[in-house]
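**Q** First, the structure itself, so that you have it in front of you.
The values are calculated or read from the model by the stated rules, or taken from the named source; none is laboratory data. Just so it is clear, the structure is predicted and the values come from calculations on it, not from any experiment. All Cβ positions, even for glycine, are placed from backbone atoms using ideal geometry, and neighbour counts span all protein chains on display. For the accessible areas, the whole protein counts, side chains as well, though only heavy atoms, and no ligand, DNA or RNA atoms are used. Shrake-Rupley method; radii C 1.70, N 1.55, O 1.52, S 1.80 Å.
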Amino acid sequence: MTQTASTGTAGPETAGRVQQGVGESAGRPDATLKVTGEFAYSSDLWLEGMVWGVTLRSPHASAWIRSIDIGPALAIQGVLAVLTHEDVPGEKFYGLEHKDQPVLAIDQVRYQGEPVALVAAEHPETARRAAAAIVVDYEVREAVTDPRLATEFVRRQPVRVGDTFEAEVVVTGEYEVGMQDQAFLGPESGLAVPAEDGGVDLYIATQWLHVDRDQLAPCLGLPPEKVRLSLAGVGGAFGAREDLSMQVHACMLALRLDRPVKIVYGREESFFGHVHRHPAWMRYEHGATREGELVYVKAEILLDGGAYCSSSPAVVGNAASLGVGPYEVPNVDIVATGVYTNNPPCGAMRGFGAVQACYAYESQMDKLAAACGLSPVEIRVRNAVSQGSALATGQIIDSPAPLADMLRELEAMPLPAAATSDLRDLPGGVSQTTHGEGVRRGVGYGVGIKNICFSEGFDDYSTARVRAELIGGEPHVTVHTAAAEVGQGLVTIQAQIARTELGIERVNVATADTRVGSAGSSSASRQSYVTGGAVKAACEAVRERFNGLPAALALEKFGPIEETREYRHRPTYPMDPVTGQADSHTQLALCVHRAVVDVDVELGLVKVVELAAVQDVGKILNPLALEGQIHGGSAQGLGLALMEEIQVREGKVLNPSFTDYLIPTILDMPPMRLSILENPDPAAPYGLRGAGEPPTLSSTPAIVAAVRDATGVALTRVPVRPEHLVG
């Protein structure tokens, strides 16, 4: 069931002139192709004369490399090249924020799966056999795998305000979040094609074309203009494609051989080929009055960044700045720390540091509610932020934030009917583990606050080029940006904005590539805001040149009209290194969840019966796509709550497959009841508020709270496993 509530509008004067504009559930041009299996993903790329690349990876979490013998691989018929770090034509290191990751391991490996050598062959199986034939002499050393014992820091960020840390009611808790994988279905893949000018054209599934190029070019020893990237079909991302994977390796092989080179990871290699969500260890202390009003929050947040930096500094900043949640707290003492270990590298994943903190502070709010004799909703209402409230960083919430009203609305939603005797409605399903005996129902609530767009002074912008022209006597529009469509429906949104602003129905969105200025990353729930803003601005510039004439007449009179515009959101500022105080975020978004679960308390099996959510999105651009984003974010939150974890022991990944790494399926996802609010943010295009990430935050603690309610077990770690419930 879906409800949509509207409390405001923020559309342009031109809205409503054409069908499939802003505010409508415009169809996705890729939808039918994806359903029928005809959509071309990056793994489907093919070019005459191409060869296959394969990566040899370290089996050890930490070791010195004494020697590499590539002779046995070169001796295999059909092998065309074997490359090591000595063959890197330019700089040997790259990285999103710091260049600390080697293109290929030089004298040591720092995590299991680190790339050591590359092979190109006429057939992928030949390349795999050749990679296995390379002889690497490792001197294994002791790995640092416990982040609590790590001594190298990625970032340490305090947030401190106030000086009162005593209260009438005090609750403490220690919480842990396991390593979650983005689990996209399309593995890392791409095709590198050498060009006549000595450069390379790369067709790639990524989240950020320009930052890929800017990391690639120095490693390839080429100027940026000779490294051209085009977006290939992306089978999901969720943050894992922000970092480089096979991009530089495919380009190195293509330039060496002067032939197109394709690399496609298998599922197991994909687990080693991208970053994951940071595991977290957190200790919280909440102090409140007997009436439940927060006096202070203390927190220590430790994030395992793994072997390389990736985006860990920004993740630490998010965890620190949002570490008390959407609550008014006059006294705060938070320290968030990210460390290096020899575990798999961790970086961006949907929710980006806020997810881990949300699980802890929401668990604390439930504990505080019990200590004060209040309901889980009432304790949150009494402390809820609103417009004008200050975050722990001192930043004032300057747009609508009706959290108390959202909680009351959520609480008032009808609860699902009691479980029936149908096995499909019971924990364990048709495996017949129960017929209802030992099954207990629980209800839980979760609240989350997420920053939208990039923060802490990052120059966050997007570029759009819009061209209007007559084709066959009819007005047509082409929108060209470098924004990556990773499944979120961005291509559709760009077309909707163009139709709305220009009043022209026929709109084509060109393939994203580096021939146009950067659009930034498809992450931080930012593309509708920033690229949407750029498309809107470019369309407005085109419309101005119509001189008030209808589009067809203007284009007949003036000919094709093309405009390019950059769009930047308002400035943000770095957090103070001592106090954490700063206006560090662009925009903030709220989502609240209620979960209803049935738990077999004898076997530890959990069935999520229903998820209900209230989310304020500022302005609905595409209702159906928006509902899909909330459903998808909730599904990933459910996965973290109950099943998803990369098992790492002594730096070794034990479950790199979808057989052993479990993700929610259609049978695990319950019906959802949604209320989507529109309280416009006056600083944002159309008043919109980024919507993709917030549901991931609040769904996890809501589900765990419901399981606690059913079982009475404390549950301080996610994912919750059966042994946690019946041990």
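**Q** Calculate, for the chain, the solvent-accessible area per residue in square angstrom, rolling a 1.4 angstrom probe over the heavy atoms of the protein chains.
**A** Per residue, the chain has 37 Å² of solvent-accessible surface.
**Q** Which of the lysines could be linked to Lys557 by a straight reach, that is with a Cα gap under 30 Å, when you skip same-chain ones fewer than 8 residues away?
**A** Filter leaves Lys536.
**Q** To continue, here is another question. Normalized C-alpha radius of gyration of the stretch 115-224, against 2.2 N^0.38 Å?
**A** 1.80
**Q** Still on this model: Packing-wise, with mean Cβ within 10 Å as the measure, how do 294-303, 651-660 rank, highest first?
**A** Order by mean packing, descending: 294-303, 651-660.
**Q** Taking the Cα atoms of the chain, what is the range of coordinates along each of the three principal axes, in descending order and whole Å?
**A** The Cα atoms of the chain stretch 74, 74, 57 Å along the principal axes, largest first.
**Q** Once you list every other residue whose beta carbon is under 12 Å from the beta carbon of Arg148, what net charge do they have if Lys and Arg are +1 and Asp and Glu are -1?
**A** Around Arg148, the surrounding residues sum to -4.
**Q** Then there is this: For n ≥ 4 DSSP H runs only, could you compute -39500 (n - 2.57) per run for the chain, divide by its residues and tell me the 222 nm figure to the nearest 500?
**A** Per the formula, -7500 deg cm²/dmol.
**Q** Counting C-alpha atoms alone, how compact is the stretch 376-420: give Rg to one decimal and Dmax as a whole number, in angstrom.
**A** Radius of gyration, then largest Cα-Cα span, for the stretch 376-420: 14.5, 50 Å.
**Q** How large is the accessible surface of Met669 in square angstrom, using a 1.4 angstrom probe and rounding to the nearest 10?
**A** Spelled out: Met669, probe radius 1.4 Å, area about 50 Å².
**Q** Okay, moving on. In Å and from the alpha-carbon atoms only, list the Rg and Dmax of the stretch 411-451.
**A** Reported Rg and Dmax, both Å: 14.6, 44.
**Q** With no solvent and one point on each alpha carbon, what is the Debye value of log10 I(q)/I(0) for the stretch 290-413 at q = 0.15, 0.18 Å⁻¹?
**A** Once normalised to I(0) and log-transformed, intensities are -0.75, -0.98.
**Q** How large is the Kirkwood hydrodynamic radius of the stretch 503-635, counting all unique pairs of alpha carbons, in Å?
**A** By the Kirkwood definition, the hydrodynamic radius is 19.7 Å.
**Q** OK, next. For the stretch 576-666, what does the equivalent ellipsoid look like in terms of its semi-axes, each the square root of 5 times an eigenvalue of the Cα gyration tensor, given largest first in whole Å?
**A** Equivalent ellipsoid semi-axes, largest first: 30, 24, 15 Å.
**Q** Can you tally the net charge around Phe39? Count Lys and Arg as +1, Asp and Glu as -1, for every other residue whose Cβ sits under 15 Å from the Cβ of Phe39.
**A** So the environment of Phe39 carries a net charge of -2.
**Q** Bin width 5 Å, origin at 0, all Cα-Cα pairs of the stretch 177-235: what percent of pairs per bin?
**A** 4, 17, 25, 20, 13, 9, 6, 3, 1, 0
**Q** While we're on this one: For the stretch 604-723, what ratio Rg/Rh do Cα atoms give with a Kirkwood hydrodynamic radius?
**A** Taking Rg over the Kirkwood Rh, I get 1.05.
**Q** If I take every Cα pair under 8 Å that is 6 or more residues apart in the chain, average their sequence separation and divide by the length, what percent do I get for the relative contact order?
**A** 18
**Q** Okay, moving on. Past 19 Å, Cα to Cα, is the threshold; run Lys367/Lys607; Lys298/Lys367; Lys99/Lys450 against it and keep the listed order.
**A** In this structure, Lys367/Lys607; Lys99/Lys450 lie more than 19 Å apart at Cα.
**Q** Net charge near Val119: determine it from the other residues with C-beta under 10 Å of the C-beta of Val119, scoring Lys and Arg +1 and Asp and Glu -1.
**A** Local net charge: +2.
**Q** Give me the Å³ per residue figure for the convex hull around the C-alpha atoms of the stretch 244-360.
**A** In the stretch 244-360, the Cα hull volume divided by residue count equals 114 Å³.
**Q** Considering only protein heavy atoms, with the full assembly of protein chains and a 1.4 angstrom probe, order Phe546, Phe454 by accessible area, largest first.
**A** Phe454, Phe546
**Q** What Rg and what Dmax come out for the stretch 58-130 when only alpha-carbon atoms are used, in angstroms?
**A** 13.3, 41
**Q** Hey, got the Cα dimensions of the stretch 466-518 along the principal axes, in Å, largest first?
**A** 33, 22, 16
**Q** Using DSSP to define loop residues, name the GluC sites (Glu not before Pro) in the stretch 124-161 whose beta-carbon has at most 16 other beta-carbon atoms within 10 Å.
**A** Here the GluC sites (Glu not before Pro) that fit, given the DSSP loop and packing criteria, are Glu142, Glu152.
**Q** With just the Cα atoms defining each centre, how far is the stretch 494-526 from the stretch 247-279? Give it in Å.
**A** 28
**Q** Right, next: For Thr711, Thr531, what's the largest-to-smallest order of accessible area, 1.4 Å probe?
**A** Largest accessible area first, the residues go Thr711, Thr531.
**Q** Here's a follow-up. Can you return the lysines within cross-link range of Lys262? Criterion is Cα-Cα under 21 Å, with same-chain partners fewer than 8 residues away left out.
**A** Lys226
**Q** Going by amide H atoms built from the backbone, whose H comes under 5 Å of the H on Asn343, apart from near neighbours?
**A** Correct list: Gly306, Ala307.
**Q** Oh, and also: Can I get the semi-axes of the stretch 436-555's equivalent ellipsoid? Compute them from the C-alpha gyration tensor as square roots of 5 times the eigenvalues, in angstrom, largest first.
**A** The equivalent ellipsoid of the stretch 436-555 has semi-axes of 38, 19, 13 Å.
**Q** What list of ³J(HN,Hα) values in whole Hz, one per residue of the stretch 659-667 in order, does the Karplus curve 6.51 cos²θ - 1.76 cosθ + 1.60 (θ = phi - 60°) give from phi, with Gly and Pro shown as x?
**A** 6, 10, 9, 8, 10, x, 10, 4, 7
**Q** As a test question: what accessible area, to the nearest 10 Å², does Lys367 have when a 1.4 Å probe is rolled over all protein chains in place?
**A** Solvent-accessible area, nearest 10 Å²: 80 Å².
**Q** Given the protein chains as shown and a 1.4 Å probe, how many square angstrom of Trp52 are accessible, to the nearest 10?
**A** Probe radius 1.4 Å; accessible area of Trp52 about 50 Å².
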